[in-house]
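The values are calculated or read from the model by the stated rules, or taken from the named source; none is laboratory data. Note that the structure is predicted; figures quoted are calculated from it, not measured. When we count neighbours, we look across all protein chains shown, and the Cβ atoms used for this are built from the backbone with ideal geometry, even at glycine.
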Amino acid sequence: MSKVILVTGGSRGIGRAAARLAGAHGWSVGVNYAGNAEAAARTVAEVEAGGGRAIAIQGDVSVESQVIAMFDAVTSAFGRLDGLVNNAGIIAPIQPLVEMSVDRLRRIFEVNILGAYLCAREAARRMSRSRGGRGGAIVNVSSVAARLGSPNEFVDYAGSKGALDTFTIGLSKELGPEGIRVNAVRPGLIDTEIHAAAGRPDRAAALGKTMPLGRAGTAEEVGEAIVWLLDDASSYVSGSILDVAGGR
Ligand code: NAP
């Protein structure tokens, strides 16, 4: 069935790959981004080239009014909503906890946790059967950091992803009766631009060979799992946390 989905942080990396694969299914995609309009426009063009429809929507997931506006933009462009990919996420330079500023901690938690909660809330308001919706699917993009803890690197980021795992479990039970499935993917080391923000642009290449499969993963390999969890092919999967981590 053709679906309408919103991908937060859909302009680059894993979100872009998920958007492109959704487009190849013929789905309509809201491509949310924070600041890089050029990357978002490129993703929109790629979704359309693959056979889907897409619009770019600027908005910071940590700001409630902008979150509401981005969901309104999707439903007014495509008429309904069937799925959300809670993908937008940030990391900060590698540091031990003792050096982390409150501003850093607040920003990580605001984008990675609060942003995901606000977006899931807006999706639930629109997709819940008791509110006139048709049900749907939410996919949270967590990280293996949630179970590794990322000591001496980014315990803030890891904890934010642990929150997403717990959120996935609780929300799947809360929204199951509303016809909404809630799952998470937990990527391992994936070759995207996020590592530059941690001060290690070469991280995927440098650490890839230490992974059980001997390499870093690609954004497309994570996107495939995300799109499967959105698709009716996974119709009895809810409350699951799927590692896409090359055996890590
Ligand atoms: P990325 O390449 O850095 O892309 C991040 C995307 O999020 C961009 O589209 C960016 O938009 C958007 N974004 C950032 N802050 C935002 C905000 N406040 N509001 C809305 N959008 C925002 O990252 P990625 O590696 O693809 O990561 C995607 C997700 O996968 C994240 O949740 C990350 O934690 C998770 N993950 C990644 C890895 C990995 O190794 N790459 C591993 C595990 C989990 P702009 O382009 O406008 O900046």
How many of the residues making up segment 125-143 are touching a helix residue (DSSP H, G or I) at 6+ places or on another chain (Cβ under 6 Å) and of a type in the set (A, V, I, L, M, F, W, C)?
3
Collect the residues in segment 157-188 that are touching a residue at least 40 places away in the same chain (Cβ under 8 Å), in contact with a Leu (Cβ under 8 Å, 6 or more places away or on another chain) and under 21 Å from GLY13 (Cα atoms), keeping them in residue-number order.
ASN183, ALA184, VAL185, ARG186
Filter result (assigned to a helix (DSSP H, G or I), of a type in the set (A, V, I, L, M, F, W, C) and within 15 Å of the ligand (Cβ to nearest atom)) within segment 46-55
VAL47
Taking GLY133 and the conditions (1) touching a strand residue (DSSP E or B) at 6+ places or on another chain (Cβ under 9 Å); (2) crowded, with 21+ Cβ neighbours inside 10 Å, which numbered condition does it fall short on, given that it satisfies the others?
(2)
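Would you call SER240 among the small types (Gly, Ala, Ser) and closer than 30 Å to GLY79 by Cα? Steps first, answer last, please.
Numbers: among the small types (Gly, Ala, Ser): yes; closer than 30 Å to GLY79 by Cα: yes.
Taking the combined requirement at face value, the residue satisfies it.
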Search segment 24-37 for residues being more than 9 Å from the ligand (Cβ to nearest atom) and surrounded by fewer than 24 Cβ atoms within 10 Å (Cβ to Cβ), and hand back the single one that is nearest to THR192 (Cα to Cα).
ALA24
Pick from segment 153-196 the residues that are within 15 Å of the chain's Cα centre (by Cα) and among the polar types (S, T, N, Q): which of them is nearest to the ligand (Cβ to nearest atom)?
THR192
When you scan segment 172-193, how many residues do you find that are surrounded by fewer than 22 Cβ atoms within 10 Å (Cβ to Cβ) and assigned to a helix (DSSP H, G or I)?
6
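If I filter segment 56-71 down to residues being aliphatic (A, V, I, L, M) and either at pLDDT below 95 or within 13 Å of the ligand (Cβ to nearest atom) (or both), which single residue comes out as farthest from ALA88 (Cα to Cα)? Let's see the steps before the verdict.
Just the residues of segment 56-71 that are aliphatic (A, V, I, L, M), to begin with: 56-57, 61, 63, 67-70.
Retained after the next criterion (residues that are either at pLDDT below 95 or within 13 Å of the ligand (Cβ to nearest atom) (or both)): 56-57, 61, 63, 67, 69-70.
Numbers: ALA56: 14, ILE57: 13, VAL61: 7, VAL63: 13, VAL67: 12, ALA69: 16, MET70: 13 Å.
Among them, the one singled out is ALA69.
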Here the residues within segment 50-79 that are surrounded by fewer than 16 Cβ atoms within 10 Å (Cβ to Cβ) and in contact with a Gly (Cβ under 8 Å, 6 or more places away or on another chain) are GLY51, ALA69, ALA77
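Scan segment 1-23 for residues that are crowded, with 16+ Cβ neighbours inside 10 Å, more than 13 Å from the ligand (Cβ to nearest atom) and in contact (Cβ under 8 Å) with a residue 40 or more places away in the chain and report the count.
Here is the first cut: in segment 1-23, the residues crowded, with 16+ Cβ neighbours inside 10 Å are 3-23.
Next, from what is left, pick out any that are more than 13 Å from the ligand (Cβ to nearest atom): 3-5, 21-23.
Now drop any that are not in contact (Cβ under 8 Å) with a residue 40 or more places away in the chain, which leaves 3-5, 21-22.
Number satisfying all stated conditions: 5.
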Name every residue in segment 95-130 that is among the small types (Gly, Ala, Ser), touching an Asp or Glu at 6+ places or on another chain (Cβ under 7 Å) and surrounded by fewer than 15 Cβ atoms within 10 Å (Cβ to Cβ), in order of residue number.
SER130
Working only within segment 88-125, note down all residues that are of a type in the set (A, V, I, L, M, F, W, C), within 14 Å of the ligand (Cβ to nearest atom) and farther than 22 Å from LEU171 by Cβ.
ILE91, ALA92, ILE94
Flag for ARG104 being part of a helix (DSSP H, G or I) and either in contact with a Phe, Trp or Tyr (Cβ under 7 Å, 6 or more places away or on another chain) or under 24 Å from SER11 (Cβ atoms) (or both)
yes
